[in-house]
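Participant: Structure incoming, see below.
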Amino acid sequence: MTKFPYIRQDFAASLVVFLVALPLCVGVAVASGVPAELGLVTGIVGGLVTGMLRGSSLQVSGPAAGLTVLVFEAVREFGLPLLGVIVLVTGVLQIAMGVLRLGRWFRAISVSVVEGMLAGIGLVLIAGQLYPALAAKAPESGPGKIAGLPGAFLDALGDGEALASLALGAGTVAVLVLWKYAPAKVRTVPGPLAAVGLATLAAFLLSLPVATVEVHGLLDSVQPPPLSAFGELASAGLIGTIVAFTLIASAESLFSAAAVDRLHDGPRTRYNQELIAQGAGNALCGVLGALPMTAVIVRSAANVQAGARTKASRVLHGVWLLLFAALLPGVLGYIPIPALAGVLVYSGAKLIPVRALAVLWREHRGEAVVLVVTAVSIVAVSMFEGVLIGLALSIVKTAWEASHLKLEVVDKGSGPIDAHLSGNATFLRLPKILDSLEALPQDRPIRVDLSGLHHLDHACRTALESWAQRHSDADTEPVKVTAA
């Protein structure tokens, strides 16, 4: 026992994580438009492969709700065989970034962009999963999903099957919301498992006319991508999707690691090693044609709270997923689709940082704008473009705030006018600089003191020289400039 001093704690924690992961693995797969078994494959790889590697000792990896929207779009656009190629190349890129020690740079991404990304994913996820809860087909675009919801609800009012499906989905969400108020002994069963289990039992006992998970079998679902699929890597659209997978999966995993580190007092995350571990898991998932993986905060928090002490707990959770997939795959066929939709609607709602947004609006309004614009862009356009818009806006905001510039004009009524510039003179403040200087009297000599500037970019220097030349040509003394 000295080799595994915490095996009892890790064994108990692994069972809890398995029970949390099982419905989420299946739900994410179904919502992504792939066989349910592929979600289990990714969970198994996350436990047995990523779980064995160094990085974050207590963080648990698997299929994540945060990538559901992106995977669904990729499968719809490129097809299931190419998903394996996308995930495999994503894994290789993550390994390369870890080897090049780029993991820490993900910590420099604006938190508002990441939270906006998750909020946008949450909104699209909720809108998309309300359709299977209503036994209806979801529109393809994000705006279409949201715009079509009122009509879908109205259509459901006169349809018995749709109402039964909606009731089961709503009941699942209600159980998840109220589960924290259940007695402590009852709460030993994880909320997602309890919600799906009760919904499955209700659908069976009441013979509800609701759709259930299609069972394909583990070996039949695992389809490595054919060699011909790799020829599509020359496609610009596919490359853009791979970049989106890589950036979003890596950022989500490393931000999750930072959050998990705050939950325990054990070893801290080594970010580059964690990126390599995530990459190794994704590379294998790609070879197997499975879903991409990220670290998942819900499972990771459950792992810590259940008393896990080492990485053995997350490895064991992968073993339990493998045993379930191998021995009890038929059980999946009893799970109602509306119940899984309810779990993902609840998960999507938790991705929307309502409280954080309220605090940001009071204290850092610019960051709140970045968050909202990122989220809305993801809903309105797509995941990749939305994140790029958020990053661009964050950079512009930071540059604008860094361009603090003060112009002090001293005019004693006669003699030269002194203009003192201090701060950072960048192209963003160029209109302000020129407006102020051009407003100075044309018939007076002017002395410009730039010694107080911390930074003067090329655009501003050129503009100042041009203004000084124009002023000097107006039959006045040449402008005297004290260089920065």
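The values are calculated or read from the model by the stated rules, or taken from the named source; none is laboratory data. Note that this is a predicted model, so its numbers are computed, not measured. When we count neighbours, we look across all protein chains shown, and the Cβ atoms used for this are built from the backbone with ideal geometry, even at glycine. Side chains are part of the model used for accessible areas, which takes the heavy atoms of the whole protein and leaves out ligands, DNA and RNA. Shrake-Rupley method; radii C 1.70, N 1.55, O 1.52, S 1.80 Å.
Participant: Can you tell me which residues in the range 302-338 are among the small types (Gly, Ala, Ser) and in contact with a Leu (Cβ under 6 Å, 6 or more places away or on another chain)?
Facilitator: Correct list: Ala308, Gly318, Ala325.
Participant: While we're here: When the range 224-240 is examined, which residues are found to be open to solvent by less than 60 Å² (accessible area, probe 1.4 Å) and either in a helix (DSSP H, G or I) or in contact with a strand residue (DSSP E or B) (Cβ under 8 Å, 6 or more places away or on another chain) (or both)?
Facilitator: Ala229, Gly231, Leu233, Gly237, Leu238, Gly240 - these are the residues of the range 224-240 that are open to solvent by less than 60 Å² (accessible area, probe 1.4 Å) and either in a helix (DSSP H, G or I) or in contact with a strand residue (DSSP E or B) (Cβ under 8 Å, 6 or more places away or on another chain) (or both).
Residue-by-condition table, conditions (1) acidic (Asp, Glu); (2) crowded, with 19+ Cβ neighbours inside 10 Å; (3) modelled with pLDDT under 90; (4) in contact with a Pro (Cβ under 9 Å, 6 or more places away or on another chain):
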| position | (1), (2), (3), (4) |
| --- | --- |
| Ala306 | no, yes, yes, no |
| Pro336 | no, yes, no, no |
| Gly348 | no, yes, yes, no |
| Val354 | no, no, yes, no |
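Residue-by-condition table, conditions (1) open to solvent by 40 Å² or more (accessible area, probe 1.4 Å); (2) assigned to a helix (DSSP H, G or I):
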{"residue": "Ser394", "(1), (2)": "no, yes"}
{"residue": "Trp400", "(1), (2)": "yes, yes"}
{"residue": "Glu408", "(1), (2)": "yes, no"}
{"residue": "Ser422", "(1), (2)": "yes, no"}
{"residue": "Lys432", "(1), (2)": "yes, yes"}
{"residue": "Val448", "(1), (2)": "no, no"}
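Participant: Do we find a residue being within 28 Å of the chain's Cα centre (by Cα), assigned to a helix (DSSP H, G or I) and either at pLDDT below 90 or among the aromatic types (Phe, Trp, Tyr) (or both) anywhere in the range 164-179?
Facilitator: Scanning the range 164-179 turns up at least one residue that is within 28 Å of the chain's Cα centre (by Cα), assigned to a helix (DSSP H, G or I) and either at pLDDT below 90 or among the aromatic types (Phe, Trp, Tyr) (or both).
Participant: Further question: Of the residues Ala339, Ala301, Ala306, which single one is under 27 Å from the mean Cα position of the chain (by Cα) and under 19 Å from Leu208 (Cα atoms)?
Facilitator: Criteria check complete, one pass: Ala339.
Participant: For the range 271-282, check the following and say yes or no: at least one residue is of a type in the set (Asp, Glu), at pLDDT 90 or above and either under 17 Å from Ser347 (Cβ atoms) or in contact with a strand residue (DSSP E or B) (Cβ under 9 Å, 6 or more places away or on another chain) (or both).
Facilitator: Within the range 271-282 (the criterion being of a type in the set (Asp, Glu), at pLDDT 90 or above and either under 17 Å from Ser347 (Cβ atoms) or in contact with a strand residue (DSSP E or B) (Cβ under 9 Å, 6 or more places away or on another chain) (or both)), the answer is yes, since at least one residue qualifies.
Participant: Right, something else. When you check Arg76 against the structure, is it in contact with a helix residue (DSSP H, G or I) (Cβ under 8 Å, 6 or more places away or on another chain), farther than 20 Å from Asp220 by Cα and among the basic types (Lys, Arg), yes or no?
Facilitator: no
Participant: Right, here's the next one. When you scan the range 364-371, do you find a residue that is out of contact with any His (no Cβ under 7 Å at 6 or more places or on another chain), in a helix (DSSP H, G or I), of a type outside the set (A, V, I, L, M) and open to solvent by less than 50 Å² (accessible area, probe 1.4 Å), even just one? Reasoning before the result, please.
Facilitator: Of all residues in the range 364-371, those out of contact with any His (no Cβ under 7 Å at 6 or more places or on another chain) come to 364-371.
Add one more test, that the residue is in a helix (DSSP H, G or I), and what stays is 365-371.
Checking the rest, the ones that are also of a type outside the set (A, V, I, L, M) come to 365-367.
This time we only want the ones that are open to solvent by less than 50 Å² (accessible area, probe 1.4 Å), so: 366-367.
The answer is yes, given that some residue of the range 364-371 is out of contact with any His (no Cβ under 7 Å at 6 or more places or on another chain), in a helix (DSSP H, G or I), of a type outside the set (A, V, I, L, M) and open to solvent by less than 50 Å² (accessible area, probe 1.4 Å).
Participant: Which one of Ala31, Ala12, Ala65, Ala21 is open to solvent by less than 10 Å² (accessible area, probe 1.4 Å) and aliphatic (A, V, I, L, M)?
Facilitator: When all the criteria are applied, what remains is Ala21.
Participant: Check the range 101-115 and report whether any residue there is over 30 Å from Ala368 (Cα atoms) and surrounded by fewer than 24 Cβ atoms within 10 Å (Cβ to Cβ).
Facilitator: yes
Participant: For the subset of the range 121-163 comprising residues that are without any contact (Cβ under 8 Å) to a residue 40 or more places away in the chain and outside any helix (DSSP H, G or I), which member is least open to solvent (accessible area, probe 1.4 Å)?
Facilitator: By that ranking, first place goes to Leu134.
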